[in-house]
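Throughout, read-outs are computed from the coordinates displayed, never taken from laboratory work. These figures come from a predicted structure and were not determined experimentally. With ideal geometry, Cβ positions are generated from the backbone for all residues, glycine too; neighbour counts draw on all protein chains shown.
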Amino acid sequence: MIKEHELDKLIICKKCHTLHEKVLIAENEKAFCSECNVLLYHNDSDMLDKMLALVITASISLFVAFQFTVVSINIQGMEKSLTLTSLFMVLAEHKQYIVGIMFLFLIVIFPIVIIFATFLLLFFMKIEKAGYLTKRLLILLAHLKPWSMIDIFFISLLVAMVKLFDIANIELGVAFLAFVLTLMLDILITKSLSFHQLWEIHHQIYGSIDEE
Amino acid sequence: MKNEHYIRCHICETVNYDNSLTSECRRCHSKISSSLHDSYTKTLALLITAIILYIPANLYPILTTKQFGVNSESTIIEGIIHLWELGSYPIAIIILIASVVVPILKFLLIIYLLVAAKYKTRSTLLDKHKIFYITESIGPWSMVDVFVVIILSVLINFTGVRIYPGIGATAFALMVFFTMLSALSFDTRLIINHEKGKNFHASK
């Protein structure tokens, strides 16, 4: 049986679970799985700074997306607009409590928690403080990852708009643009925020912190 | 390299030695080797719940349109046929994929993985890991139809014309929720174990 620190030199592909031995790669180089070509790890020494900047921008645009009108429609002079509050009002009016609660968590609470937790994580790792908290945040983020559906909500929004295209005048609101921006940032962040690297940096900064 | 004695922690992605001595990840202390039998039963139970919910999701209306006092209800399939007849082919195809193809595909893939954990199948270890990866990533996309109905019910909410979500929407949303839970409780070691020629009951 090999020693524990030897295990740190290995990596398992997330897609096909092939075991690889890690090799040293130069700055800005990427390592891919030999079986299925999935990105394994990436050597990017500025990752914390870049991600911190993106996360701060994303949190502002998410705030705008939730605060203002997403789209408004006009049918023969009658107007209706879609905002977060109007959405929950209508769902409550129709007594759709289960769908409402799921929507609240998948579209509002989880994305906000994810952005906020990512910000705190990067911030504390940047100033090299709060080792235990950052570890908890890394674990929390891994658990929450599959439960944010803001991208799916946006696709649904586009589908709904195409459906209404023939019968109504559609006006895009400020929040619509904010949604587009948030999604683009979200794609950038999920693409380049490597949890593999974050755990490695965590280990370098704080050493191994054990549960109390 | 052959990967038979190592497991990947699904939380912190680190490599762990697969043995019966430790049950938690060496780095993040998440549970990594709970009983495989439990994982199997849990996945199966949640999958059955999801399949049962898929029946009312299709039989009951997902949305009701109330136009000047007249109610018209439509289920998922009726909605897709209606869109197709109107000539909105791209939208009809998106809804068809999201609400019919993806859920059924996901049921079949999880059933296949559960069968493969117990009986010998022709697919390789690599294929099965890829199948599980696909199962996990397509999951949330089935929510599209539910979200569309919610958005329409907010926008079309006038005194004369009104659209609102039906029972089908609730059943459908819960179905997606349970399928995701089912995939999450599937332990990837169920895939590896059979390859080792062991029955997972013995390694409990």
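Structure notes:
- Stokes-Einstein diffusion of region B:46-204 at 4 °C, 1.567 mPa s viscosity, Kirkwood radius from Cα pairs, rounded to a whole number: 75 µm²/s.
- The value given for region B:47-101 is a Kirkwood hydrodynamic radius of 12.3 Å, derived from the mean inverse Cα-Cα separation.
- The Rg/Rh ratio for region A:8-61, using Cα coordinates for both the radius of gyration and the Kirkwood hydrodynamic radius, is 1.11.
- Build a GNM of chain A with springs between Cα atoms under 10 Å apart, and of A:S156, A:S192, A:S81 the one that fluctuates most is A:S156.
- Counting only Cα atoms, the protein assembly as shown measures 75, 52, 38 Å along its principal axes, largest extent leading.
- Region A:46-194 - convex hull of the alpha-carbon atoms, volume per residue in Å³: 115 Å³
- Listed cross-link partners A:K22/A:K129; A:K50/A:K145; A:K135/B:K106 are compared with a 24 Å cut-off, the Cα-Cα value being larger for A:K22/A:K129; A:K135/B:K106.
- Per-residue [θ]222 nm for chain B (sum of -39500 (n - 2.57) over DSSP H runs n ≥ 4, rounded to 500): -17500 deg cm²/dmol
- Fewest-first sequence of A:H5, B:H10, B:H82 by Cβ atoms within 10 Å of each Cβ: A:H5, B:H82, B:H10
- Pairwise inverse Cα distances across region B:78-157, averaged and inverted, put the Kirkwood hydrodynamic radius at 14.7 Å.
- Degrees separating the helix A:84-93 axis from the principal Cα axis of chain A, which is the longest one: 60 degrees
- Folded to 0 to 90 degrees: helix B:144-155 orientation relative to chain B principal axis, Cα: 30 degrees
- Helix B:125-138 vs. chain B, principal-axis angle (Cα, 0 to 90°, nearest 10): 30 degrees
- Helical mean residue ellipticity (222 nm; -39500 (n - 2.57) per DSSP H run of 4+; nearest 500) of chain A: -18000 deg cm²/dmol
- Using R0 = 51 Å, the C-beta based FRET efficiency linking B:E78 and A:E6 works out to 0.30.
- The mean sequence separation of alpha-carbon pairs under 8 Å and at least six residues apart, normalised by the residue count of chain A, gives a relative contact order of 26 percent.
- Sequence of A:V70, B:V144, A:V113, B:V115 once ranked by neighbouring C-beta atoms within 10 Å, starting from the fewest: B:V115, A:V113, B:V144, A:V70
- Taking other Cβ atoms within 10 Å as a rough exposure proxy, A:K163, A:K9 sort from fewest to most as A:K9, A:K163.
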